[in-house]
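A quick write-up on the structure given underneath.
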Amino acid sequence: MKQVGDYCEVTGKCLVIEDIDTMKKRGGMRYGSRKGNRHASMFAYQKITACAYSQGFQKNFEVYEVDPAYTSQIAKVLYMRKMGCPIHEAASYTVGLKAMGLNYWLAPPELMIDLLPQNLWESDNIWAQWKHITKSLKGVRTHLFYGAPPKKELSALKKPTMASYAKALKDRDRLKPDMAYVC
């Protein structure tokens, strides 16, 4: 954290971190009691967050916490292919855009907006749109987002939907998840 604080001080930039609620994941750890797991994960996150705020106070830079909802999905759809970077780098870019309030850069692409149901299609609530997109694309592997969107497959359909978009992406997957691999 000291190196991050030094970098923020030298460049004069703020620090953006995700506001992660680890209480939701309290049963996610494999071993030990739920209470012990929760305390362990909360302890580490609280230490890092406290250290970030402490560095910000000492070195005179701002620390912003951003809700990480849908940042990975937005990164997969919008920025992974465009920037040619891994999902985590694209997600950190998305977190930064959210912190700056540039929500118009986070809106779903026109191709996907056309596939949404009528009530979401007309809505200005991009978070409701991303919620529907996230549910529809569940099970689509991340590496498929490096390729071009399946426009040709969708144009052959009479009434394309987000489900048909997800199916077109899954059909492209050469590494089917249901196949057994021998190493």
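Every number here is computed from the coordinates shown, using simple stated rules; none is lab data. Since this is a predicted model, take the numbers as computed values, not measurements. Glycine also receives a Cβ, built like all others from the backbone with ideal geometry; neighbour counts cover every protein chain displayed.
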- The set of residues whose placed amide H lies less than 5 Å from the amide H of VAL63, leaving out same-chain residues fewer than 5 positions away, is LEU15
- Just flag the GluC sites (Glu not before Pro) in the range 61-93 sitting in loop per DSSP whose Cβ has no more than 13 other Cβ atoms within 10 Å. GLU62
- Calculate, in nm to one decimal, what LYS82 and GLU122 gain on full extension: separation in residues at 0.36 nm each, minus their alpha carbon distance. 11.8 nm
- Length added when fully stretched, ALA50-ARG172, from 0.36 nm per residue minus Cα-Cα: 39.4 nm
- Distance violations [Cα-Cα > 29 Å] among LYS47/LYS170; LYS82/LYS170; LYS2/LYS76: LYS47/LYS170; LYS2/LYS76
- Under a plain spin-label model, where a point goes 7 Å from the Cα along Cα-to-Cβ, how far apart in nm are GLU153 and GLU65? 4.1 nm
- Query: When the Karplus curve 6.51 cos²θ - 1.76 cosθ + 1.60 is applied with θ = phi - 60°, which whole-Hz ³J(HN,Hα) does each residue of the range 156-167 get, with x for Gly and Pro?
  - Reply: 6, 8, 5, 10, x, 10, 5, 5, 6, 4, 5, 5
